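Read through the structure below, which is laid out as structure tokens, and then see the notes.
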Amino acid sequence: MTENIDLADMRVAYGGDDDLEESDLAGGWLALARVWLQQAIDARLPEPNAITLATVDADGRPATRTVLCKELSESGVVFYTNYGSAKASHLESTPFASATFPWIGIQRQLTVRGPVTRVSADETAAYWATRPRGSQLGAWASQQSSPIGSRQDLELQLADVTDRFENGDVPVPPNWGGLRIAPESVEFWQGRNNRLHNRLVVTASGVERLQP
Ligand SMILES: Cc1cc2nc3c(=O)[nH]c(=O)nc-3n(C[C@H](O)[C@H](O)[C@H](O)COP(=O)(O)O)c2cc1C
């Protein structure tokens, strides 16, 4: 029930840390992104590598969901998913995405936008090997984004694959792997008092400050 929740009155004053300055980007976007990620970790934010991923479906309608960033490098943001999922099919028709790290607990967000490509099979295999066996089996058990009749049906699918791979390593499913968003633009957002937030966007043309 939301009747007693006063959403209109909910607001937090931002500020307190040093202003984000163009000079903070002297070492490039990645160096600052890593500093911010480390600060999000140090602040014990829940799942600091979680990103809100936006894609666009074949009708041009946006969709968002959370995924986990598993690599942040000069080549962009990598996440892992099912290549048959809704998001992956969106990215086949429109191979561009936007991903936001919503580090609200430290009054920041970082948004990476750009073209999306699959990571190599070798990279996927290397990451797959680090996943717990239960997660590996779960990936085999789920035709992500397809309907299923009941929870029980899902548990049966898990039981099937558990039996199937009982006697050995669980291989990478053929329809599963990494996707990389190249950093065509990277926006650093820092909350400030009176909603005069700081926004710096890094693109191939340089660093630009945007109004909040
Ligand atoms: C914290 C969190 C982390 C998640 N991480 C992933 C992930 O790394 N990969 C993934 O495919 N789905 C992940 N999910 C599930 C997705 O949000 C989503 O439900 C799923 O990928 C299906 O999305 P789609 O139907 O739009 O393709 C995560 C959800 C949450 C809340």
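The values are calculated or read from the model by the stated rules, or taken from the named source; none is laboratory data. What you see is a predicted model; the values in this text were computed from it and never measured. Cβ sites come from the backbone with ideal geometry, for glycine too, and all protein chains shown count toward neighbours. Keep in mind that these areas ignore ligands, DNA and RNA; they rest on the heavy atoms of the full protein, side chains included. Shrake-Rupley method; radii C 1.70, N 1.55, O 1.52, S 1.80 Å.
Looking at the stretch 72-91, which of its residues are away from the ligand (no atom under 12 Å from the Cβ) and either touching a strand residue (DSSP E or B) at 6+ places or on another chain (Cβ under 7 Å) or open to solvent by 50 Å² or more (accessible area, probe 1.4 Å) (or both)?
Correct list: E74, S75, G76.
List pairs: first residue in the stretch 100-113 and more than 14 Å from P212 (Cα to Cα), second residue small (G, A, S) and in a strand (DSSP E or B) anywhere in the structure, Cβ distance under 6 angstrom, at least six positions apart or on different chains.
Partner pairs satisfying both residue conditions: V112/A99; R113/S98; R113/S185.
Find the residue count for the stretch 10-59, including only residues that are in contact with a Phe, Trp or Tyr (Cβ under 9 Å, 6 or more places away or on another chain) and among the aromatic types (F, W, Y).
So the count comes out to 2.
Would you check which residues across the stretch 101-135 are within 13 Å of the ligand (Cβ to nearest atom), within 30 Å of G15 (Cβ to Cβ) and surrounded by fewer than 21 Cβ atoms within 10 Å (Cβ to Cβ) and list them?
Selection gives P102 alone.
Give me the pairs: first residue in the stretch 1-30 and more than 21 Å from P212 (Cβ to Cβ), second residue hydroxyl-bearing (S, T, Y) and open to solvent by less than 80 Å² (accessible area, probe 1.4 Å), beta-carbon distance under 8 Å, and six or more apart or on different chains, which are they?
L30/S73
Scan (1) over 18 Å from G191 (Cβ atoms); (2) surrounded by fewer than 13 Cβ atoms within 10 Å (Cβ to Cβ) for the single condition D19 breaks and write down its number.
So D19 meets the others, but not (1).
For the stretch 41-70: of the residues being of a type in the set (D, E, K, R) and more than 9 Å from the ligand (Cβ to nearest atom), which is least open to solvent (accessible area, probe 1.4 Å)?
Per the stated criteria, the residue is D57.
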